[in-house]
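This report refers to the structure that appears directly beneath it.
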Amino acid sequence: QVQLVESGGGLVQPGGSLRLSCAASTTIFTMGWYRQVPGKERELVASITTGGSTKYTDSVKGRFTISRDNIKNTVYLQMNSLKSEDTAVYYCHVPGVMRDYWGQGTQVTVSS
């Protein structure tokens with residue numbers, strides 16, 4: 001069983017920055033961040049492997065950076081140059097063998 005605890009969401013003006021954190025209760029391998037807005041499917045924002053290989057959805061490339069601290073079992077999502085379309089609930093995700101694990105979600109609102 002993997003527990004994920006997220007933090008760092010909030011309200012920010014367009015062009016601003018936020019950093020999300022997700023702490024896992026055990027050693028994990030690939031971790032990722034998804035986001036979801038009402039009425040739409042949850043989408044992958046970014047992911048990172050234990051070795052540091054990263055993937056990003058096209059809309060955040062050059063603005064978001066995913067990183068991890070393997071000692072702390074924590075993954076971060078640094079979000080810069082935020083846009084109103086980044087507004088969503090962001091979820092930390094860990095793929096498992098029998099099931100996937102999700103954080104509780106943290107709201108990110110980009111608005112003036």
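Structure summary
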{"item": "Residues located in segment 5-35, provided they are touching a Gly at 6+ places or on another chain (Cβ under 8 Å) and over 15 Å from ILE71 (Cα atoms)", "result": "VAL5, GLU6, LEU18, ARG19, LEU20"}
{"item": "Every residue from segment 95-112 that is touching a helix residue (DSSP H, G or I) at 6+ places or on another chain (Cβ under 6 Å) and open to solvent by 40 Å² or more (accessible area, probe 1.4 Å)", "result": "none"}
{"item": "Close pairs (6 angstrom Cβ cut-off, 6 or more residues apart or separate chains): in contact (Cβ under 8 Å) with a residue 60 or more places away in the chain in segment 94-112, in a strand (DSSP E or B) and of a type in the set (Asp, Glu) anywhere", "result": "GLY103/GLU6; THR106/GLU6"}
{"item": "Breaking point among (1) among the small types (Gly, Ala, Ser); (2) surrounded by fewer than 15 Cβ atoms within 10 Å (Cβ to Cβ); (3) free of Cβ contacts under 8 Å to residues at least 40 places away in the same chain, for GLY15", "result": "(3)"}
{"item": "Subset of segment 97-112 (residues that are more than 10 Å from the chain's Cα centre (by Cα) and either among the acidic types (Asp, Glu) or part of a strand (DSSP E or B) (or both))", "result": "ASP100, TYR101, TRP102, GLN107, VAL108, THR109, VAL110"}
{"item": "In segment 47-94, residue least open to solvent (accessible area, probe 1.4 Å) [restricted to those that are farther than 18 Å from VAL12 by Cβ and acidic (Asp, Glu)]", "result": "ASP69"}
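Conditions (1) β-branched (Val, Ile, Thr); (2) more than 14 Å from the chain's Cα centre (by Cα), marked per residue:
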{"position": "PRO38", "(1), (2)": "no, yes"}
{"position": "THR57", "(1), (2)": "yes, no"}
{"position": "VAL60", "(1), (2)": "yes, no"}
{"position": "SER67", "(1), (2)": "no, no"}
{"position": "ASN70", "(1), (2)": "no, yes"}
{"position": "VAL75", "(1), (2)": "yes, no"}
{"position": "LYS83", "(1), (2)": "no, yes"}
{"position": "CYS92", "(1), (2)": "no, no"}
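The values are calculated or read from the model by the stated rules, or taken from the named source; none is laboratory data. These figures come from a predicted structure and were not determined experimentally. In this analysis, Cβ positions are derived from the backbone assuming ideal geometry, glycine residues included, and neighbour counts consider all displayed protein chains. These area figures cover heavy atoms from the full protein model, side chains too; ligands, DNA and RNA do not enter into them. Shrake-Rupley method; radii C 1.70, N 1.55, O 1.52, S 1.80 Å.
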